[in-house]
1. What is the calculated FRET efficiency for Ser30 to Thr276, with r their C-beta to C-beta distance and R₀ = 45 Å, to the nearest 0.05?
2. Please report the net charge: other residues with Cβ closer than 15 Å to the Cβ of Ser486, K and R +1, D and E -1.
3. Once you have the Cα-Cα distance between His365 and Val297, take 0.36 nm times their residue separation minus that, and quote the gain in nm to one decimal.
4. Could you check the simple spin-label distance between Asp251 and Val269, using points 7 Å along Cα→Cβ, in nm with one decimal?
5. With label points built 7 Å along Cα→Cβ from the Cα atoms of Ala570 and Thr467, find their separation and express it in nm.
6. For a test of the definition: using alpha carbon positions, the gyration tensor, and the 1.5 limit on a/c, classify the range 25-168 as rounded, prolate or oblate.
7. Take the solvent-accessible surface of the protein heavy atoms, probe 1.4 Å, and return the percent of it on the range 179-312 that carbon and sulfur atoms account for.
8. Sort out for me the Cα centre separation of the range 499-524 from the range 86-149, rounded to whole Å.
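The values are calculated or read from the model by the stated rules, or taken from the named source; none is laboratory data. Keep in mind that what you see is a predicted model, and the values were worked out from it rather than measured. Here the Cβ is made from the backbone with ideal geometry for all residues, glycine too, and neighbour counts use every protein chain on show. Protein only, heavy atoms only, side chains kept; ligands, DNA and RNA dropped before computing areas. Shrake-Rupley method; radii C 1.70, N 1.55, O 1.52, S 1.80 Å.
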Amino acid sequence: MDANLPGLSFFPGRKNGTINITGLSSLGSSIFLPFLFVQNKYGAGDDVYWAHGAHSFRFGADVQRVQSNVNAPGWLGGQFIFNSLASFLSASPFLFFGPLPEQSDGYRDFRETDVNGYIQDDWKIWSNLTVNLGLRYEFVTNPTTDKHPLNTITDYRSSTSFTTVPNVFLHNPSVRNFDPRLGFAFDPFHDHKTSVRGGFGVFHNPIAPRTYASAYYFNPPYSFTVQVFPGFPTPAFVAPLPSQSNAVNYDTPSTPYQMQWNLNVQRQVTDSTIVTVGYVGSRGVHLFFQRDQNPPVPSLGPNGRPVFAMLGPFGIASNPRINPAIGPYNGAEPGANSSYHSLQTNLNRKLSHNIQGQISYTWSHCTDDSSNTYGLEGGFPAMNPYNARLDYGNCLFDRRNALAVNSLVELPYKGQFKGHQLFEGWQLSGIAMAHSGTPFSPAVGFDQAGLGAAFTENRPILNPGRTVENIRVGTLNQWFDPTAYSLPPVGELGNAGRNSLTGPGFWNIDVSAQKNTRLSESVNLQFRAEFFNLLNHSNWGLPDPNVFVQSGDGGGKVNPIAGRITTLSAPMRQIQFAMKLIF
């Protein structure tokens, strides 16, 4: 069956494209289809264990050959983006994404070899103290290609076109991936009821195909174009300057890594109950984030702020770029950092008298420069390509408070129903969860600064006297007050913080009932009834973050749906039943 919709055929000979209208669901097919990823892995490894006195040594290594074959002609049908329903009804799109005709070959075949080795010593210094010492090394060869060429921009400041290269990276970024580990376990009272544990480790995150592949399958022989204010429904297919929307920089000097540390105290308070209180922290170093590697050259405005564009006869026009021979180039570079600190508590009761349960509570705070490698993952490049530190704020996954409770009860365990097939063998279980809301950034809603790169985010100006506390309104119709912000002048960026606002909190209760009936020595019949979101509670999604709607004359008016919540973050009540025969 031909599912093509003629109204969504923006390219001759190609099927469904996509239309995005701010605040509404997308129309058309996914921008990621068709997509093919086939990976073959051939590996071998071995481990050796050796006990010598108070030491228990472990060391080993493994080698793996990885073949990654991917075909990802993104936006194959084309994608139009409209800033509002009104701009859609007037056929005035803001952006168009898509590969040029006859230049949509997104097939690439990467080849690499992964080599991992480690050594660890568990040293029992005293009867109540054990220390763990270890070192791991994670090496990845500089990936190559099998048949399809690798083309990239090798120098953003001087290159005039794509260059064919033999490897994914200029230099191998994994040669220094040494990961030391240190830990200890201490029984201070020699009673096996109290333990103090701690540890520190470094964990490199080798750059995998999913991260570097898009740096090449979006390059020739695939040619991707971003057009501002394109014609609709058929854009003018003018060959763009060499540019990129999602790429890992060719000159990537290092591998991202994380330092993790923890200290916790655990105490057995009864025969079946254990309490744990601990501190867990981490710091991410050389994390990938995106910024435009070839941004407009800013001028200095009368207020001393950088100005990236000016208002021209056809709208906002970006200043000349650093390298006028190429276009905007959103490259991922390992220059971001993160910081995480948390108090983690846990009360755990193991199954006793037919009841088990657990209560966990975590207070945490996470900050970083960027929480996403790519715009395709829902993130944004650095707002100011010359000063990424302005994006330092709450992590996208920051949840200050998180509570989880679960329990299981076996019924009945004694009394008149024992031995009765109808009433015996029941289990009731439940999980209750609650956590703080998701951070999000207030957004201008369009490229007022004239940065001209894909996935750019302009944030507005926070008005004097307004704070995060007095911005929040907290209703579904208006979660935050849009009048707390002002539209920056043409070519300028605002000062509102990244992820400075927080959406609605979340809580949910799931319950299940399970009945096991023994039909014979080797055959059991299991019945399950599961209730998700038992109380049918509405967990609301994030509000519309776009504060303004573009007016076309360098200005804008307040978006009438700014701060409005129209989506759910989780489904409403769902009930399912199941029968399983186990033999």
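1. On the way: r = 43 Å, r/R0 = 0.96.
Step by step, r from the Cβ atoms, then E = 0.55.
2. Working: positive: Arg305, Arg459, Arg466, Lys557; negative: Asp481, Glu492.
Summing Lys/Arg as +1 and Asp/Glu as -1 gives +2.
3. On the way: separation 68, 0.36 × 68 = 24.48 nm, distance 3.59 nm.
Extra length from His365 to Val297 when fully extended: 20.9 nm.
4. Spacing of the two 7 Å Cα→Cβ label points: 5.9 nm.
5. Spacing of the two 7 Å Cα→Cβ label points: 3.1 nm.
6. Working: a/c = 3.20, a/b = 2.23, b/c = 1.44.
Prolate shape, in that a/c is at least 1.5 and a/b is the bigger ratio.
7. On the way: 3870 of 6130 Å².
Here it works out to 63 percent.
8. Going from one Cα centre to the other spans 33 Å.
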